[in-house]
Amino acid sequence: PMPPPIPPSPKFFIVLNGQQDGPYDTSVLKNMTIQKMIDQDTLVWREGMTNWTPAKDVPEFNGIFAGTPPPIPGA
């Protein structure tokens, strides 16, 4: 029998430079965090969410920011 299909990763819209952008899957968003295009305060939304939410408050982003040091205080 065929293995079950891998469920698609959720696609997120983001606010980039004050504009709605996306949708992106989490692997693309991880690259964007590495390139410092988005951070933990970037507003994100996906289907099923009521409101735009800072990425740090969205469970799917926990793995993306793991290993990313927090901003330097006072910088």
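Where in the chain are there strands (runs of 3 or more DSSP E), lying wholly inside it, with at least 2 residues that are among the polar types (S, T, N, Q)?
19-25
For residues that are over 9 Å from the mean Cα position of the chain (by Cα) and open to solvent by 90 Å² or more (accessible area, probe 1.4 Å), tally how many sit in the range 40-61.
7
Within the bounds of the range 1-24, is there any residue that is in contact with a Pro (Cβ under 7 Å, 6 or more places away or on another chain) and buried (at least 16 other Cβ atoms within 10 Å of the Cβ)?
Yes - at least one qualifying residue is present in the range 1-24.
The values are calculated or read from the model by the stated rules, or taken from the named source; none is laboratory data. Keep in mind the model is a prediction, meaning the values are calculated, not measured. Ideal geometry is used to build each Cβ from the backbone, glycine not excepted, and the neighbour counts take in all protein chains shown. The accessibility values were calculated without ligands, DNA or RNA, using every heavy atom of the protein model including side chains. Shrake-Rupley method; radii C 1.70, N 1.55, O 1.52, S 1.80 Å.
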